[in-house]
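To start, the structure itself, in structure tokens.
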Amino acid sequence: MRLTRRGVAVLVGSVAAYLLGELAGYAFFRALGGLGLGALVAATVLTVRQPQVSVQRDLSPDRVERGRPALATLRVRNTGGRWQPAFAAHDSAGAARQQVRIRRLGPDSEATYRYELPTSRRGRIEVGPLTLERRDPLGLARNRLATGETATLWVHPKRHATRTVVAGRPRHHHVGRTADDSLRGSADVRDVRPYVVGDEVRHLHWKATARTGQLMVRDFVDPDQPRLTVLLDTRTDPLPAATFEEGVEVVASILFAASMAGHRCRLLTSAGADVAAPGGALASRQFLDELCVAEQSDERSGLLPRALTTGASSGGAIVVVTGVRGTAADLAPLLVRYSSVTVLGLGPVHGVAPILGARVILAADAAEALQQWSGVIG
């Protein structure tokens, strides 16, 4: 328990008034000082006891698209055998503060409260810790108790309706090539090769073994599957802060559509982030979580991260999201590493213009860029 600023002021004023009344012989000032001190004693009695309750906070949902509603549900239960006077619960969500007035609770009773959380900005928001506070009616003293655990609210970038890259799904080894990272274990036989220690015995090819005189095994692989790589330019020079948010929405929309379509996707940023995942709902959430914390960097690095200029080619299609002032020279290494290169430039200029064998789409915002993207790939 501690005095508030008002309580400290009343304490100082009451002592001063009482001393003035004693020194000057005025009974009024002595009475005024006594009233102030009595109010402080009453405030102390009312707030000295902390709330004896259990509090549980749940977020619904804990992942939400920017601008969509997200609620926190607060369940307060009186665990004691006495009535609990009313108090206030203070919760924080990033820089925002929320106050909930908890009504008087009877023995072994429970009350539920709901309040909205801020979702106007993209990001990872820490919710909590929760603080229970009891004050006297005059606001002279307070008693605070921190309780509960912190929770995380993921505010995903806003998504726009769009189409994904159209690509075939070869089912047999003779239909198409296999990538360097093809998954093992399919029913497609790619080759028959000599046995090495560690190979599955069930894959022995007895006819080839009898013909060659040495153990031969079937080599099963998956053919090349549709895959999409998206590169987000995080440099501050090509993309101002407001335009960068539009770029994040473009990346989120494309990756979400591709992942939900079952395509293998990869997200890279100029700052060095690298996330790859197979298709599906879990993969789409992984990409959206990564985009929640994507930030711009003032480092004067190039557009392409090291992962795109070294190592074996990943194949498939790549989409580069940058500003309209992006240079064509930055894209040259991509033309020999990917079968399809698309550049989405965001800024005041719009239109479609092919350059250096890459498809270039220039648009003012995310909605226009994705509209053109859907028309081009359709």
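In loop segments of region 247-308 as defined by DSSP, the GluC sites (Glu not before Pro) with at most 12 further C-beta atoms inside 10 Å of their C-beta are E295, E299. Think of a 1.4 Å ball rolled over the protein heavy atoms: the chain then has 53 Å² of accessible area per residue. Under the convention that each Lys and Arg Cβ holds +1 and each Asp and Glu Cβ holds -1, the size of the dipole of the chain around its Cα centre is about 1060 debye.
If you build a Gaussian network model of the chain, linking Cα atoms that sit under 10 Å apart, which residue out of Q214, Q296, Q52 swings the most? So, out of Q214, Q296, Q52, the one fluctuating most is Q214.
Couplings 3J(HN,Hα) of region 144-154, computed from phi: 10, 9, 7, 8, x, 9, 7, 10, 10, 10, 9 Hz, in residue order, whole Hz [Karplus 6.51 cos²θ - 1.76 cosθ + 1.60, θ = phi - 60°; x for Gly and Pro]. Cut-off 20 Å, label point 7 angstrom out along Cα-to-Cβ of V15: give me the residues of region 30-57 whose amide nitrogen falls inside. Counting backbone N atoms under 20 Å from the label point, the list is 30-45.
Placing dummy labels 7 Å off each Cα toward the beta-carbon, the span from V376 to R124 is 3.2 nm.
For the chain, what % of the accessible area comes from carbon and sulfur atoms, probe 1.4 Å? Ligands and nucleic acids excluded, carbon and sulfur give 54 percent. Computed extension length for R193-A24: 49.8 nm, one decimal, from 0.36 nm per residue of separation with the Cα-Cα distance subtracted.
Segment V8..R306, full-extension length gain: 101.2 nm, with 0.36 nm per residue of separation and the alpha-carbon distance subtracted.
On the basis of the beta-carbon distance and an R0 of 56 Å, R97 and L35 show a calculated FRET efficiency of 0.95. Residues considered: P278, P137, P305. Largest GNM mean-square fluctuation over the chain, using C-alpha springs under 10 Å, is found at P137. Normalising by the residue count of region 48-128, find the relative contact order in percent from Cα pairs under 8 Å and 6+ residues apart. Result for region 48-128 is 33 percent.
The string of couplings for region 237-242 from the Karplus curve (6.51, -1.76, 1.60, θ = phi - 60°) is 5, x, 10, x, 4, 5 Hz, one whole number per residue in order, with x for Gly and Pro.
Out of (1) 65, 49, 35; (2) 119, 56, 32; (3) 88, 58, 33, which label holds the value of Cα extents along the principal axes in Å that was computed here? Calculated Cα extents along the principal axes in Å: the matching label is (2). Remark: relative contact order (the chain) = 12 percent; criterion is Cα-Cα distance under 8 angstrom and separation of 6 or more residues.
Hey, quick one: spin label on V293, modelled 7 Å out along Cα-Cβ, who in region 91-133 has an amide N within reach, i.e. under 15 Å? Of the residues in region 91-133, 123-127 have backbone N under 15 Å from the label point off V293.
Using heavy atoms of the protein chains and a probe of 1.4 Å, the accessible area assigned to R218 is about 80 Å².
The values are calculated or read from the model by the stated rules, or taken from the named source; none is laboratory data. A quick note: this is a predicted structure, and the numbers were derived from the prediction, not measured. Glycine gets a Cβ as well: all are built from the backbone with ideal geometry, and neighbour counts include every protein chain shown. For the accessible areas, the whole protein counts, side chains as well, though only heavy atoms, and no ligand, DNA or RNA atoms are used. Shrake-Rupley method; radii C 1.70, N 1.55, O 1.52, S 1.80 Å.
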